[in-house]
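Data block below; observations after.
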Amino acid sequence: MRYELFYWPGIQGRGEFVRLPLEAAAADYVDVARSSKDQGGGSGALMKVLSDASLALPAFAPPILRAGDLTIAQTANILAYLGPRLGLVPISNGDSTLFLANQLMLTIMDLVAEAHDTHHPVSVSLYYEDQKKEAQRRAEPFRRERIPKFLGYFERALRQGSARGEYLLGPTLSYPDLGLFQVTVGLEYAFPNAMTELAPKIPRVLELRNRVAAEPRIAAYLASERRLPFNEQGIFRHYPELDTD
Ligand SMILES: N[C@@H](CCC(=O)N[C@@H](CS)C(=O)NCC(=O)O)C(=O)O
């Protein structure tokens with residue numbers, strides 16, 4: 001199966017939560033909007049799929065995955081589909097692990113949405129510069145309460161599951177581990193001071209971040225040009241005024 005990922009070129013964004021599992025499984029995939037226009041790529045290809053009236057359901061926003069005749073959106077939904085197909089979710093106890101994986105992934109995406117809202121607290125359609133005051137107000141409780149609460153939850157999940165192994169769902173890598181890696185490094189990029197302060201309280205989360213980064217295929221991906229750098233157009237943006245001193 002050749003998968004097609006449709007996501008904004010130039011940022012990691014939510015697309016990265018799909019790229020990482022595809023890379024970890026060495027799946028055959030095309031990052032369509034990042035391929036050249038002559039090959040049917042570019043942003044035009046993304047706009048085309050967004051307005052495609054022939055789909056069973058239109059997609060509201062990227063990331064969007066095309067797998068044969070199926071075109072689906074919503075990051076956690078895409079991953080619920082890909083996880084078992086890429087061997088990135090343990091299949092045991094019937095399908096109960098699939099729901100646990102989805103629970104973890106949906107929680108990761110909640111955290112991602114809150115991280116995004118620190119720089120766009122009023123509207124996604126306004127520039128950051130037009131909502132800076134509100135952004136500072138929003139970022140303060142996000143750093144003080146929300147990052148510790150979310151990452152504290154994942155710390156507990158890892159502690160509770162530690163009898164089963166070193167990953168969130170047992171002894172092997174699953175897609176929520178990749179999601180937790182991505183949100184952790186994203187927060188470290190955006191809020192380095194707040195994350196340094198929090199580090200002693202989340203040792204397992206940080207160990208998992210290192211373990212994922214050292215997975216051979218992930219390490220190769222992170223060192224490649226396919227891994228876009230974080231920047232101030234993406235979800236995790238480093239604005240020093242939004243971090244602690
Ligand atoms: N809950 C959706 C959110 C999708 C989303 O917000 N996508 C962004 C890019 S990361 C977008 O282009 N949104 C356009 C919009 O909300 O109008 C998901 O997890 O996929």
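The values are calculated or read from the model by the stated rules, or taken from the named source; none is laboratory data. This is a predicted model, so every value here is computed, not measured. Using ideal geometry, Cβ is built from the backbone for each residue, glycine included, and neighbour counts are taken over all protein chains shown.
Odds and ends about this structure:
- The lone exception for Leu111 - which of (1) surrounded by 17 or more Cβ atoms within 10 Å (Cβ to Cβ); (2) more than 12 Å from the ligand (Cβ to nearest atom) it fails: (2)
- The range 42-60 - residue that is assigned to a helix (DSSP H, G or I) and hydrophobic (A, V, I, L, M, F, W, C) and, of those, surrounded by the fewest Cβ atoms within 10 Å (Cβ to Cβ): Met47
- Inside the range 202-214, residues that are loosely packed, with under 12 Cβ neighbours inside 10 Å and not small (Gly, Ala, Ser) make up a count of 1.
- Flag for Thr118 being part of a helix (DSSP H, G or I), closer than 30 Å to Arg237 by Cβ, hydroxyl-bearing (Ser, Thr, Tyr) and modelled with pLDDT of 95 or more: yes
- Per-region count, the range 160-182, residues loosely packed, with under 15 Cβ neighbours inside 10 Å and under 24 Å from Pro21 (Cβ atoms): 6
- Candidate set: the range 60-73, residues that are within 13 Å of the ligand (Cβ to nearest atom) and in contact (Cβ under 8 Å) with a residue 24 or more places away in the chain; chosen: the one farthest from Ala27 (Cα to Cα): Pro62
- Annotation note: of Gly179, Gly152, the sole residue that is within 16 Å of the ligand (Cβ to nearest atom) and either more than 28 Å from Ala26 (Cα to Cα) or modelled with pLDDT of 95 or more (or both) is Gly179.
- If the condition is being assigned to a helix (DSSP H, G or I) and of a type outside the set (Gly, Ala, Ser), then the range 62-99 contributes Thr75, Asn77, Ile78, Leu79, Tyr81, Leu82, Pro84, Arg85, Thr97, Leu98, Phe99.
- For the range 1-26, filtering for residues that are more than 14 Å from the ligand (Cβ to nearest atom), of a type in the set (Gly, Ala, Ser) and crowded, with 18+ Cβ neighbours inside 10 Å leaves 2.
- Residue tally, condition under 16 Å from Pro21 (Cβ atoms) and modelled with pLDDT under 95, over the range 38-86: 0
- Taking the criterion of being aromatic (Phe, Trp, Tyr) and within 16 Å of the ligand (Cβ to nearest atom), the residues of the range 208-245 that qualify are Phe230, Phe236.
- Qualifying positions in the range 198-211 - touching a Ser or Thr at 6+ places or on another chain (Cβ under 9 Å) and either aromatic (Phe, Trp, Tyr) or closer than 15 Å to Gly186 by Cβ (or both): Ile202, Val205, Leu206, Leu208, Arg209
- Verdict on Ala76 being touching a helix residue (DSSP H, G or I) at 6+ places or on another chain (Cβ under 9 Å), within 30 Å of Tyr167 (Cβ to Cβ) and within 12 Å of the ligand (Cβ to nearest atom): yes
- Selected residue (criterion: farthest from Ala73 (Cα to Cα)) from residues of the range 9-41 that are part of a helix (DSSP H, G or I), in contact (Cβ under 8 Å) with a residue 40 or more places away in the chain and acidic (Asp, Glu): Glu23
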